[in-house]
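Enquirer: Below is one structure. I have some questions about it.
The values are calculated or read from the model by the stated rules, or taken from the named source; none is laboratory data. The structure presented is a predicted model; accordingly, all values stated were derived computationally and were not measured. Quick reminder, even Gly has a Cβ in these numbers, built from the backbone with ideal geometry, and neighbours come from all protein chains shown.
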Amino acid sequence: MRKARLRGLLWMLFVSGKQRKRCELRETAPLSFFPKRGKLFFTEPTSDSPLTELQVAAEEKRTLKEGQTLSLDCVYTKKYSYSQKAWQRVTDGGKVETLAITNRTSRKSSQEPGGRYFLEDDSVSSAVRVRMTNVQVSDSGRYQCVIYLPHSDPEILSSVHLVVTKGSSATPVPGKTATQNRAQIPTHPPTTTEAQNKFHTSPRIVTQGPPKSTAGVSPPGLGVNPTNMTYITRTFVFSIVVPVVCGLLSKSLVFTVLFAVTQKSFEP
Amino acid sequence: MSCCCSLLAWALLTLLGLGAARENPNCCGPIVPRREWRALASECHQSLKSPMRYVVVSHTVGSPCDTPASCLKQVHNVQSYHMRNLGWCDVGYNFLIGEDGLVYEGRGWNRQGAHAGSAWNPKSIGISFMGNYTERAPPLRALRAAQSLLACGVARGALTPNYEVKGHRDVQDTLSPGDRLYEIIQTWPHYRD
């Protein structure tokens, strides 16, 4: 009797191992097992929480040096071909500041002299090309591409976490950076009303600062240098370390339980 | 007492089995590898940053095929058209689906395809049904093959768990993937227009 039970347990262990090979059958049945299992074992983004979904799936991290140019494509689908698109900064408090917006007819953002934000809506590729020239440390933070919808909240296409580090880029232009800094300082005092928020308002000051032909100085393609290192280590952790650790933990748990059970069943 | 214990152990083992099943990257349906359809060597170098958020579904508009032998030939034809006539570095799609219900490996999960335009190619996996689906729908076995391929992509970490399926016409000016197939993919749980 006891032996039979033990055999049953061992068989179960064998089956639990075997089960791994059969998952594709279950996964073809949409929305049945799949989300539940995710919730049971891992704290993964679940499709019913839009915020985590956005952060995990769409947020991309870019690291640039001061003076470089951030450039990226935000893809959209045809139903938004004729909508206006905007580039926004999201502050830590969740406040959204629109930095550039495309014009309905020209499909580009209006480029004021000295402006650093530039959008171009390429309807053939179904993408908005975003360029942000001469990035500064104070520009670090979250940005997003959005579609302006006439009767509802804007639709977020993708978001980027920008980190700007000190130190000059590959082609330093010391003279220009100096004028840039000098231009920035005098505009600061008048904005004392927004002093409590000065971190977030500083990029706006830069845009509206006096004309300074820095936009033409930093070569567009040269500054782009996204570092994927953190991304790679993250995928490494998720794809290798987590399964290995989980596997070891689960196996040791199983063997502890089995050991306990066998001990119990062989007791006189 | 020991009965109770063994029940507990059973429950635990079942749960662990389920958990493990989800994480295993090898749980994919059969994918016909490139060497099996005698693919020309790829000259592509652009890689994709996994996991991908988007999947773009298209059709080839070429001849359909409903046996492994004819599909093998058809994949080969598509590749040779893309490489020899269009001068591309490889067949444009990441995967091709035959009416034989099999998935044929194109550029695979890790290399950037040429199927949805310069902005969408680096951000999506392109899967193409071999045939023209303007007037008729692909057989269920082909649709099942595509769905299980996508589930496999999630299991391998090549697609995000909340990946989005788009029709080729959602991202470019084209009739692809054909009216009938487009109607079908719009009912898929991961489809977002």
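Enquirer: Out of all the residues in the stretch A:59-99, which are among the small types (Gly, Ala, Ser), under 20 Å from B:Val55 (Cα atoms) and touching a Leu at 6+ places or on another chain (Cβ under 8 Å)?
Expert: none
Enquirer: Kindly indicate whether B:Ile125 is at pLDDT 95 or above, of a type in the set (A, V, I, L, M) and under 30 Å from A:Arg129 (Cβ atoms).
Expert: Criteria met by B:Ile125.
Enquirer: A further question follows. Anything in the stretch B:160-173 that is at the interface with chain A (Cβ under 10 Å from one of its Cβ atoms) and of a type outside the set (Asp, Glu)? List them, or say none.
Expert: Across the stretch B:160-173, the qualifying residues are B:Thr160, B:Pro161, B:Asn162, B:Tyr163, B:Lys166, B:Gly167, B:Arg169, B:Val171, B:Gln172.
Enquirer: Another question, then. Can you pull out the residues in the stretch B:175-193 that are within 10 Å of chain A (Cβ to nearest Cβ), of a type outside the set (A, V, I, L, M, F, W, C) and touching a residue at least 24 places away in the same chain (Cβ under 8 Å)?
Expert: Within the stretch B:175-193, B:His190, B:Arg192, B:Asp193 meet the criteria.
Enquirer: Okay, moving on. Please enumerate the residues belonging to the stretch A:97-125 that are under 20 Å from the mean Cα position of the chain (by Cα) and in contact (Cβ under 8 Å) with a residue 40 or more places away in the chain.
Expert: Of everything in the stretch A:97-125, those that are under 20 Å from the mean Cα position of the chain (by Cα) and in contact (Cβ under 8 Å) with a residue 40 or more places away in the chain turn out to be A:Glu97, A:Leu99, A:Tyr117.
Enquirer: So which pairs qualify, if the first residue must be in the stretch A:60-80 and among the aromatic types (Phe, Trp, Tyr), the second must be not in a strand (DSSP E or B), the Cβ gap must be under 7 Å, and the two must be at least 6 apart or on different chains?
Expert: A:Tyr76/A:Ser126
Enquirer: Enumerate the pairs (first residue in the stretch A:240-256 and within 10 Å of another protein chain (Cβ to nearest Cβ); second residue anywhere and in a helix (DSSP H, G or I) and of a type in the set (Phe, Trp, Tyr)) with beta-carbon separation below 8 Å, excluding pairs fewer than 6 apart on the same chain, so at least 6 apart or on different chains.
Expert: What qualifies is A:Cys246/A:Phe41.
Enquirer: Do you know which residues across the stretch B:103-135 are more than 22 Å from A:Ser158 (Cα to Cα) and touching a Lys or Arg at 6+ places or on another chain (Cβ under 6 Å)?
Expert: B:Glu105, B:Tyr133
Enquirer: Being touching a residue at least 60 places away in the same chain (Cβ under 8 Å) and not acidic (Asp, Glu) is the filter here; which residues of the stretch A:145-159 pass it?
Expert: Scanning the stretch A:145-159 gives A:Cys145, A:Val146, A:Ile147, A:Tyr148, A:Leu149, A:Pro154, A:Ile156, A:Leu157, A:Ser158, A:Ser159.
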